[in-house]
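Report on one structure; see the data block that follows.
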Amino acid sequence: MDCDIIVVGAGPAGLSIARSLADTRLHIALIEKQALTTIENPEFDGRDIALTHLSVRLLKEFGVWDRFEESQRPAIREAKVLNGDSPYCLDFDVRDDSIDALGYLVSNHDIRRELYTEVSRFGNIEFITDVSVDSVNTNAGGASVTLSDGQTLKSRLIIAADSRFSDTRRMVGIQAEMFDFGRVCIVARMKHERPHNETAFECFHYQRTLAVLPLSSHESSIVVTAPMSDRGELMGMSDEMFASDLQRRFENRYGEMSLSTDRFAYPLVGVHARKFCTERFVCVGDSAVGMHPVTAHGYNLGLSGADILATELRSGIRSGTDIGDIRLLKRYERKHMRNTRPIFHGTNEIVKFFTDDRLPARIARKAALRLANRIPPIKQVIRNKLTMSSNRSGLLPPIFRRALHADRSPAKPPTSPK
Ligand SMILES: Cc1cc2nc3c(=O)[nH]c(=O)nc-3n(C[C@H](O)[C@H](O)[C@H](O)COP(=O)(O)OP(=O)(O)OC[C@H]3O[C@@H](n4cnc5c(N)ncnc54)[C@H](O)[C@@H]3O)c2cc1C
């Protein structure tokens, strides 16, 4: 074998699984179609990623979290969900709770850069860049990929982390459910006159959904979700027009607003692979589950999946099992499916429910927000989903969590480079 594991894609998920396995003796080849200079120093791409408590813990274990300056990882202390023009909101905050933040925001390019810096310190991880994977071959004896430069690379296991439109997932014949929302997400950072008070807003204004993610006290990450047909208008208007349009849509809540970065557009397509593994092949990150961003779970699920897979591979190494053994990969698949399926389908239903303009849906939304606010167990479930402090219990209210914690396996010790 040329290496033990081939990871296809050095995005956040590929780098995370590589870092999770960095302190094993496994020789890992990370294949990335972008140039090395781009992954060493990725450019701002408009995405500010809301991270759950579990993700923060994993990034701390990776040695990545402490690389961020405090200003690069602002906290979300409160979150409010509004429906249409109604001032009534479903709100979550950190009062009366043991946690000091609902979550933290870190820019996607900062995550990528610091993960790369950390992973590149390990001698057993090799980056092969500027090439893509042309074909994948797996059988009982081993796996191999042919690269666009003609090289063939052999390994015991291939990990696909090559985005929600994963070519390698297709090459091995894994089907995926895809949901094209027909909508686009426009993201940018904006400065504003009034402070955001560390509060995230999600305003479902029928046709357009507006989200505000609080960065520094007078700057926020703004996410506008609109029908795909509005993309040209939203990307084409001048910075000043875009800013004054948003100021008006926010009813001047933030005072004068202005763009502090470019705008970036992301078409919204949700993807859930029907299975996550086949012989000597396994999907992680968006290649396994590509989420609609409204519930901010995409990378969080990518990280928790990488943690589950790494735990299974480590236990395989300890017991002398082949790391490409399908039984081992299936254990990851079962656990990650259990975590992701309800969130994926639940998120898609939320999107449908909150973008339905018909009168009955508007009335139902009002009722749903009130119910969620007034019935503590419902609110607690949503809140756990937002903050997700463990791989096993994120969706469950405390009473079930306590029961589950009784069988928790010991926490993984922090890893360090060889
Ligand atoms: C607007 C927006 C907001 C978001 N907000 C949040 C949030 O708040 N919280 C959250 O958790 N998530 C969020 N996400 C989701 C998050 O950005 C993704 O889940 C995450 O980036 C997926 O990482 P990945 O590594 O799986 O895929 P990608 O980031 O797509 O990376 C894939 C990598 O593989 C490489 N590649 C592709 N094909 C090949 C090939 N054939 N050969 C070699 N290399 C290849 C690509 O060049 C790329 O580097 C958001 C997404 C969007 C669009």
Practice task
Using Cα pairs closer than 8 Å and at least 6 residues apart in sequence, work out the relative contact order for the chain, in percent.
Solution key: 20 percent
Handout entry: Full-stretch length increase - Arg194, Phe165 - with 0.36 nm per residue and alpha-carbon distance subtracted
Key = 6.5 nm
Handout entry: In the chain, lysine pairs with alpha-carbon atoms under 24 angstrom apart (chain gap of 8 or more, or interchain)
Key = 24
Completion exercise
1/(1 + (r/R0)^6) with r = Cβ-Cβ of Cys89 and Glu126, R0 = 60 Å, i.e. FRET efficiency to nearest 0.05, evaluates to 0.75
Handout entry: Potential extension, Ser98-Arg248 segment - 0.36 nm per residue separation minus Cα distance
Key = 50.3 nm
Problem - Distance (nanometres) between label positions extended 7 Å along Cα→Cβ at Lys60 and Ser148 - result: 4.0 nm
Problem - Two-site label geometry, Asp356 and Ser238: point separation in nm, points 7 Å out along Cα→Cβ - result: 4.2 nm
Practice task
Taking the Cβ of Ser221 as the centre, find all other residues whose Cβ is under 10 Å away and add up their charges (Lys, Arg: +1; Asp, Glu: -1).
Solution key: 0
Problem - 11 Å beta-carbon shell around Val289, net charge (K/R +1, D/E -1) - result: 0
Completion exercise
Helix-only [θ] at 222 nm, the chain, -39500 (n - 2.57) per DSSP H run of 4+, per residue, nearest 500, equals -10500 deg cm²/dmol
Fill in the blank from the handout: A correct Kirkwood calculation over the Cα atoms of the chain returns a hydrodynamic radius in Å of 22.3 Å
Problem - Positive-end residue of Gln207, Ile158, Phe122, charge dipole of region 79-207 with Cβ unit charges - result: Ile158
Problem - region 1-135: relative contact order as a whole-number percent, Cα under 8 Å and 6+ apart - result: 39 percent
Practice task
Let me have the relative contact order for region 153-237, percent, based on Cα pairs under 8 Å that are six or more residues apart.
Solution key: 27 percent
Completion exercise
The answer for trypsin sites (Lys or Arg not before Pro) in region 1-57 that fall in a DSSP coil and have at most 16 neighbouring Cβ atoms within 10 Å is Arg25
Exercise for the section: Provide the per residue accessible area, probe 1.4 Å, for region 335-377, rounded to a whole number of square angstrom. Expected result: 57 Å²
Completion exercise
Output for region 40-101: GluC sites (Glu not before Pro) sitting in coil per DSSP, at most 14 other Cβ within 10 Å, listed by number, reads Glu43, Glu69
Practice task
May I ask you to compute the full-extension gain from Arg341 to Asp262, defined as 0.36 nm times their residue separation minus their alpha-carbon distance, rounded to one decimal in nm?
Solution key: 25.0 nm
Problem - Computed label-point distance, nm, for sites Ser135 and Arg374 using a 7 Å Cα→Cβ extension - result: 6.4 nm
Practice task
Enter the accessible area per residue of region 1-106 (Å², integer; probe 1.4 Å; all protein chains in place).
Solution key: 39 Å²
Exercise for the section: Take the solvent-accessible surface of the protein heavy atoms, probe 1.4 Å, and return the percent of it on region 114-171 that carbon and sulfur atoms account for. Expected result: 41 percent
Exercise for the section: Summarise the accessible area of region 251-337 (1.4 Å probe, protein heavy atoms) by the percent that is carbon and sulfur. Expected result: 48 percent
Problem - Radius, Kirkwood style, for region 128-248 when every pair of distinct Cα atoms is counted (Å) - result: 18.3 Å
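The values are calculated or read from the model by the stated rules, or taken from the named source; none is laboratory data. Not measured: the values here are computed from a predicted model. Please note: Cβ atoms are built from the backbone with ideal geometry, for glycine as well, and neighbour counts cover all protein chains shown. The area values use the complete protein model at the heavy-atom level, side chains included, leaving out ligands, DNA and RNA. Shrake-Rupley method; radii C 1.70, N 1.55, O 1.52, S 1.80 Å.
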